[in-house]
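*Asks:* Before I ask anything, here is the structure I am working with.
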Amino acid sequence: MADASQDSTPAPGFVLPGLRCAMEMALVGTIVALLGLPTDEPMVLGVVLLSTLVGMVVVLFWALNRHMRRWIRYAQGKPTTLTIFD
């Protein structure tokens, strides 16, 4: 009896995509904060912090969508390697 794991594609991992997502969120937060934080106005500070939060949430859901697509392709038996823009 042949081992089924030899024929199938490897399952997508969780650690590396999670680390990539964390790094991208930190990068987005840092860039927005560095561009907008030198301010004394409370309203501008609020807008900068809100845009930082929105940017980080967008990156989080983009990465989650990308990872779900990989798991769907894995469940369908298709290759899980996607292009750089997927």
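Values quoted throughout were computed directly from the atomic coordinates according to the rules given, and no laboratory measurement underlies them. What you see is a predicted model; the values in this text were computed from it and never measured. Virtual Cβ from ideal backbone geometry, glycine too; neighbours counted across all protein chains shown.
*Asks:* What do the square roots of 5 times the Cα gyration tensor eigenvalues come to for segment 14-75, in whole Å, largest first, as semi-axes of the equivalent ellipsoid?
*Replies:* 31, 11, 5
*Asks:* For VAL48, what is the net charge nearby, where nearby means another residue's Cβ is under 15 Å from its Cβ and Lys, Arg count +1, Asp, Glu -1?
*Replies:* Around VAL48, the charge tally is -2.
*Asks:* From Cα pairs below 8 angstrom and at least 6 apart in sequence, can you work out the relative contact order of segment 14-75, rounded to a whole percent?
*Replies:* Reported as a whole number, the value is 41 percent.
*Asks:* Return the distance in nm (one decimal) between the two label points of a simple spin-label model at ARG66 and GLU24, each offset 7 Å from Cα along Cα→Cβ.
*Replies:* Each label point is offset 7 Å from its Cα along the Cβ direction, giving 0.3 nm.
*Asks:* Here is a further query. Roughly what would the spin-label model give for GLU41 and VAL54, points 7 Å off Cα along C-beta, in nm?
*Replies:* So the two model labels end up 1.6 nm from each other.
*Asks:* Pop out the ³J(HN,Hα) list for segment 12-26 in order, Karplus 6.51 cos²θ - 1.76 cosθ + 1.60 with θ = phi - 60°, rounded to Hz; leave Gly and Pro as x.
*Replies:* Going residue by residue, I get x, x, 10, 6, 5, x, x, 5, 5, 5, 4, 5, 5, 5, 5 Hz, with x marking Gly and Pro.
*Asks:* Through the Karplus equation 6.51 cos²θ - 1.76 cosθ + 1.60, θ set to phi - 60°, convert the phi angles of segment 66-80 into ³J(HN,Hα) values in whole Hz; use x for Gly and Pro.
*Replies:* 4, 5, 5, 4, 5, 5, 5, 5, 5, 5, 7, x, 8, x, 8
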